[in-house]
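The structure under discussion appears below in the form of structure tokens.
The values are calculated or read from the model by the stated rules, or taken from the named source; none is laboratory data. Not measured: the values here are computed from a predicted model. FYI the Cβ positions are ideal-geometry reconstructions off the backbone, even for glycines, and counts take in every protein chain you see. Each accessible area value is taken on the protein alone, full model and side chains, heavy atoms only, with ligands, DNA and RNA left out. Shrake-Rupley method; radii C 1.70, N 1.55, O 1.52, S 1.80 Å.
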Amino acid sequence: VFYNPVQEFNRDLSTAVIQAHAAQHLDVLEHEAGEVCEDGLTVLEALAASGLRSIRFAREIRGLKSVVANDWSKQATESIRRNVTYNKVDQLVTPHNGDASMLMYQHKQPKDRFNVIDLDPYGSPTPFLDSAVQSVSDGGLLCVTATDMAVLCGNSPETCYTKYGAIALKTRSCHEFALRILLQCLESHANRYGRYIEPLLSLSIDFYCRVFVRVHTGQAVCKQSTSKLGHVYQCTGCESLAVQPLGRLSTHKGGAQQMKYCLPTGPPLDRGCEHCGMGHHIGGPIWIAPL
């Protein structure tokens, strides 16, 4: 069964963020870690392997109602079951054997959705994003890891496009670029179902990206997504960057409360770089709103 000791900081971080998320929904001080809270959060670890992360959630986070630890491997599920029993968290953690995407699709009805979904796959998380954005509750927390940093950092732009729907560029800020591609991908998947993301914490650590986003529902706000996304022009000489948003927001003359959605004019620069006169590569679209 797969276990990665290098990801200890990832697990520490996830525990802290979920605890902070729980504290915004209920008075966690009234509850002890390890006890079932009837009004607490429901958590899904979709790719649990040994179940270590789910067990840590159960033992360390206050205000949980249940944790589902899923893995497609029967051997891994048996390992989760043994680990759960050994750590005495049977009352909170339920091992589940099955396909992660199918499990999430089965919980896409609003009454069945999870308050927190943790996706930490080997490689790219994109095969699981469509089901994840549908099965997390309104205002729920989605925690996503991507370990294919070579792809996200521009080593294979065509592969990045097939996985994330964006062209990666090799820049000095390639790790931030990777985070913004991942957030763009999450926003794109959420928008298809009238939902949108609110990034809370976005980190590039060692060999992976880790993002924590809230997922909200609202068709009107989804229309603003084009102003949060954009293409990036990178000079082939001095590597200076310029951003071209996909959309622009303005207010109607009749009232400040009414938003107007416009197409932007562009490109944002001349044919040659203003600094060195060289041409440009075009990457993206990426997330251009705050991380």
For the chain, with +1 on Lys and Arg beta carbons and -1 on Asp and Glu, the positive-most of Ile286, Cys273, Gly34 along the dipole: Cys273
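How high is the relative contact order of region 1-81, given as a whole-number percent (alpha carbon pairs under 8 Å, six or more residues apart)? Let's see the in-between values first.
Details: 121 pairs, mean separation 27.7, N = 81.
Relative CO of region 1-81 lands at 34 percent.
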Local net charge near Tyr193, Cβ-Cβ under 11 Å (Lys/Arg +1, Asp/Glu -1): +2
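Determine the calculated [θ] at 222 nm for the chain from helices alone, applying -39500 (n - 2.57) to every DSSP H run no shorter than 4 residues and normalising by the residue count; nearest 500 deg cm²/dmol. Let's see the in-between values first.
On the way: 10 runs with 92 residues, N = 291.
The helix-only estimate for the chain comes to -9000 deg cm²/dmol at 222 nm.
Excluding ligands, DNA and RNA, what is the solvent-accessible area per residue of region 32-154 at a probe of 1.4 Å, expressed in Å²?
Details: 5020 Å² over 123 residues.
Computed with neighbouring chains in place, this is 41 Å² per residue.
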Relative contact order (percent, whole number), the chain, Cα cutoff 8 Å, 6+ residue spacing: 12
Per-pair calculated FRET efficiency, R0 = 35 Å: Glu35 and Ser173 via Cβ, rounded to 0.05: 0.20
Label-point separation in nm, Asp130 to Cys238, each point 7 Å along Cα→Cβ: 4.4
Using alpha-carbon coordinates, inclination of helix 126-135 to the longest axis of the chain, degrees: 70
Centroid-to-centroid separation of region 14-63 and region 213-291 [C-alpha atoms, Å]: 37
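Quick check on packing: order 212-221, 4-13 by the mean number of other C-beta atoms within 10 Å, highest mean leading. List each step's numbers first, then the result.
On the way: 212-221: 16.7, 4-13: 13.9.
The peptides rank, most packed first, as 212-221, 4-13.
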Rounded to 10°, Cα long-axis angle of helix 8-23 versus longest principal axis of the chain: 80
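Equivalent ellipsoid semi-axes for region 9-122, as square roots of 5 times the alpha carbon gyration tensor eigenvalues: give them largest first, rounded to whole Å.
21, 16, 13
In debye, nearest 20: dipole of region 196-255 around its Cα centre with unit charges on the Cβ of K, R (+) and D, E (-)?
Working: 6 positive and 3 negative charges, 75 e Å.
Roughly 360 debye for region 196-255.
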Sorted largest first, extent of the chain alpha carbons per principal axis (Å): 65, 48, 32
Nearest-0.05 FRET efficiency for Asp99 and Thr251, computed from C-beta distance (R0 41 Å): 0.30
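Between rounded, prolate and oblate, where does region 180-284 land on the alpha carbon gyration tensor, with a ≥ b ≥ c its root eigenvalues, rounded for a/c under 1.5, else prolate if a/b exceeds b/c? Spell out each step's value before the answer.
Numbers: a/c = 2.91, a/b = 1.23, b/c = 2.36.
Since a/c reaches 1.5 but b/c is at least a/b, the shape of region 180-284 is classed as oblate.
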Two-decimal log10 I(q)/I(0) for region 100-168, as the Debye equation yields it once each C-alpha is a single scatterer, q = 0.15, 0.22 Å⁻¹: -0.53, -0.87
Set of lysines with alpha-carbon distance to Lys223 below 22 Å, sequence-local pairs under 8 removed: Lys253, Lys260
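Using the Cα centre as the reference, give the magnitude of the dipole from point charges on the C-beta atoms of region 169-230 (Lys, Arg: +1; Asp, Glu: -1; all else neutral), rounded to the nearest 20 debye.
Details: 9 positive and 4 negative charges, 30 e Å.
Magnitude of the dipole: close to 140 debye.
In whole percent, and with a 1.4 Å probe on the protein chains, what portion of the accessible area of region 105-183 is carbon and sulfur?
Values: 1560 of 3050 Å².
The value for region 105-183 is 51 percent carbon and sulfur by accessible area.
Could you give the dipole magnitude of the chain about its Cα centre, charging the beta-carbon of Lys and Arg +1 and that of Asp and Glu -1, in debye to the nearest 20? Before the final figure, lay out each step's value.
On the way: 27 positive and 28 negative charges, 153 e Å.
Dipole of the chain, to the nearest 20 debye: 740 debye.
Considering only DSSP beta bridges with both partners in the chain, what is the antiparallel share in %, to the nearest 5? Don't skip to the answer; put the middle values down first.
Numbers: 34 of 52 bridges.
Expressed as a percentage, antiparallel bridges in the chain total about 65.
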